[in-house]
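Data first, discussion second: the structure below is written as structure tokens.
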Amino acid sequence: MEDRILGKTGIRVSRLGLGAAKHGDVQRQDQDVDRWLHHALDAGVNFIDTAAMYNKSEDRIGRFLAARKDEFFLATKCGVHRAGGVPGAAIVEDYSREGILRTVDESRGKLRMDIIDLVQFHGLPPVELLDEAFETLMDLKVRGWARFVGVSADGPAGAAVEGESEREVAELARTWPLDTWQFTYNFLSQEAATELIPVLREAGIGTIVKRPIANVLWELDEDPGDDFNHTLWERACQLPLDALAGELPLTEFAMRFVLSNADIDLALTGTINPHHLETNIRSLEDGDLPSEMLRKAQDIFEERFGTG
């Protein structure tokens with residue numbers, strides 16, 4: 001599988017990573033998750049992204065992949081977790097120093113890793129805890145609990161606090177030596193191409209894309225309801241999808257649109273379906289979209305929605 005150096009980490013990762021949220025679902029059977037995780041590694045994926053709030057995900061990765069730790073790069077998230085660390089419990093946000101350290105230490109135990117490859121904020125701290133939280137995140141490297149640290153948050157509005165913009169994202173990148181930033185980017189959500197990615201590249205911060213195929217929202221007949229998915233679903237309804245994708249299946253077009261951006265280090269697929277994983281891998285192997293197709297998708301997005 002094609003790989004890439006992740007920002008300034010010096011670590012070579014597969015351009016397709018595994019998002020392991022669904023692998024933590026309490027309704028799924030352990031033996032199924034065990035099989036799916038091994039299948040991903042066998043297929044050449046060497047980057048796995050999980051989080052403290054993903055129910056059983058960390059524990060399952062720690063148990064099922066204990067013998068293959070040297071074969072993958074593991075990223076998790078803190079700042080948001082399940083109450084008491086119990087799968088299925090209420091979601092709690094805690095960016096205090098004590099909360100971050102407790103959550104990451106619990107993650108180390110579940111993952112069976114003394115040193116986690118990458119620890120990310122799951123969103124960004126409230127303004128009153130911003131400095132304390134980032135100081136604690138940096139301290140994880142000093143303690144030897146994390147090799148690298150980063151942020152998972154959309155920008156610019158979602159990448160800081162109320163009223164902040166690209167300038168504040170750049171300020172965070174300059175103030176704190178972050179190694180990676182994870183964010184939403186796809187053909188239905190292209191804002192990051194102009195608002196966030198240039199800032200990250202200038203700072204040498206590794207770029208990790210979530211939702212590269214936009215949760216396949218174009219397949220839904222009804223509005224999904226929540227604010228984020230509602231916006232992308234409305235955009236899918238307004239765009240000439242068949243004209244954009246041409247003869248390509250939309251999921252392949254979507255994945256290749258993201259991976260055609262040379263400033264993207266890797267994109268996460270959250271699938272638990274081996275067939276879907278293989279499809280995503282083939283999309284990567286098929287290479288960049290033709291330049292005319294890529295430009296058309298960018299121009300139509302700019303025309304319809306004014307940014308990108």
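Return the total of residues in region 232-242 being part of a helix (DSSP H, G or I) and touching a residue at least 40 places away in the same chain (Cβ under 8 Å).
Of the residues in region 232-242, the ones part of a helix (DSSP H, G or I) are 232-238, 241-242.
Applying the additional criterion that residues be touching a residue at least 40 places away in the same chain (Cβ under 8 Å) yields 232, 235-236, 238.
Looking only at that region, the number is 4.
Looking only at region 73-82, decide whether some residue is touching a Phe, Trp or Tyr at 6+ places or on another chain (Cβ under 9 Å), aromatic (Phe, Trp, Tyr) and closer than 18 Å to residue 140 by Cβ.
Within region 73-82, the first condition is being touching a Phe, Trp or Tyr at 6+ places or on another chain (Cβ under 9 Å), and the residues that meet it are 73-80, 82.
From what's left, aromatic (Phe, Trp, Tyr): 73.
Then keep just the ones that are closer than 18 Å to residue 140 by Cβ; that gives 73.
Checking region 73-82: at least one residue is touching a Phe, Trp or Tyr at 6+ places or on another chain (Cβ under 9 Å), aromatic (Phe, Trp, Tyr) and closer than 18 Å to residue 140 by Cβ.
Identify all residues within region 217-233 that are surrounded by 14 or more Cβ atoms within 10 Å (Cβ to Cβ) and modelled with pLDDT of 90 or more; write none if there are none.
217, 218, 232, 233
Looking at region 7-51, which of its residues are assigned to a helix (DSSP H, G or I), surrounded by fewer than 22 Cβ atoms within 10 Å (Cβ to Cβ) and under 16 Å from the mean Cα position of the chain (by Cα)? Steps first, answer last, please.
So in region 7-51, the residues assigned to a helix (DSSP H, G or I) come out as 22-24, 30-42.
Of the ones still in play, those that are also surrounded by fewer than 22 Cβ atoms within 10 Å (Cβ to Cβ) are 22, 30-32, 34-36, 38-39, 41-42.
Passing the criteria: only 22.
Quick one: residue 199 ticks every box in (1) modelled with pLDDT of 90 or more; (2) crowded, with 18+ Cβ neighbours inside 10 Å bar one, so which box is it?
Exception for residue 199: condition (1).
Pick out, from region 52-147, the helices (runs of 4 or more DSSP H) lying fully within it that include 1 or more residues that are touching a strand residue (DSSP E or B) at 6+ places or on another chain (Cβ under 6 Å) and closer than 21 Å to residue 179 by Cα.
On the way: elements: 57-64, 97-111, 130-143.
So the answer is 97-111, 130-143.
Give the residue, chosen from 128, 98, that is surrounded by fewer than 19 Cβ atoms within 10 Å (Cβ to Cβ), of a type outside the set (Ser, Thr, Tyr), at pLDDT 95 or above and more than 23 Å from residue 60 (Cβ to Cβ). Quick ask: steps written out before the conclusion?
Values: 128 fails: at pLDDT 95 or above.
Criteria check complete, one pass: 98.
May I ask you to say which residue of 112, 4 is over 20 Å from the mean Cα position of the chain (by Cα) and not acidic (Asp, Glu)? Step through it out loud before you land on a result.
Working: 4 fails: over 20 Å from the mean Cα position of the chain (by Cα).
Of the residues listed, the single one that is over 20 Å from the mean Cα position of the chain (by Cα) and not acidic (Asp, Glu) is 112.
State yes or no: is residue 288 over 17 Å from residue 47 (Cβ atoms), modelled with pLDDT of 95 or more and part of a loop (DSSP other than H, G, I, E, B)?
Details: over 17 Å from residue 47 (Cβ atoms): yes; modelled with pLDDT of 95 or more: yes; part of a loop (DSSP other than H, G, I, E, B): yes.
Against the criterion (over 17 Å from residue 47 (Cβ atoms), modelled with pLDDT of 95 or more and part of a loop (DSSP other than H, G, I, E, B)), residue 288 qualifies.
Spot the failing condition for residue 307; the list is (1) modelled with pLDDT of 95 or more; (2) assigned to a loop (DSSP other than H, G, I, E, B), and only one is missed.
(1)
Are any of the residues in region 269-281 within 30 Å of residue 57 (Cβ to Cβ) and charged (D, E, K, R)?
Taking region 269-281 and keeping what is within 30 Å of residue 57 (Cβ to Cβ), we get 269-281.
From what is left, the residues that are charged (D, E, K, R) are 278.
Yes, because at least one residue in region 269-281 is within 30 Å of residue 57 (Cβ to Cβ) and charged (D, E, K, R).
If the requirement is being more than 30 Å from residue 44 (Cβ to Cβ) and of a type in the set (Phe, Trp, Tyr), which of these qualifies: 253, 228, 257?
Only one candidate qualifies: 228.
Considering only residues that are free of Cβ contacts under 8 Å to residues at least 60 places away in the same chain, farther than 25 Å from residue 48 by Cβ and either surrounded by fewer than 17 Cβ atoms within 10 Å (Cβ to Cβ) or in contact with a Ser or Thr (Cβ under 9 Å, 6 or more places away or on another chain) (or both), which ones fall in region 249-287?
Listed by number, the list holds a single entry, 249.
Name the single residue, out of those in region 189-231 being part of a helix (DSSP H, G or I) and acidic (Asp, Glu), that is farthest from the chain's Cα centre (by Cα). Even if it seems obvious, please write down each step before you answer.
Our first condition is that a residue be part of a helix (DSSP H, G or I); within region 189-231, this holds for 192-195, 197-203, 214-219, 227-231.
Next, from what is left, pick out any that are acidic (Asp, Glu): 195, 202, 219, 227.
Numbers: 195: 17, 202: 20, 219: 22, 227: 19 Å.
Among them, the one singled out is 219.
The values are calculated or read from the model by the stated rules, or taken from the named source; none is laboratory data. Fair warning: this is a prediction, and the values are worked out from it, not measured in the lab. In this analysis, Cβ positions are derived from the backbone assuming ideal geometry, glycine residues included, and neighbour counts consider all displayed protein chains.
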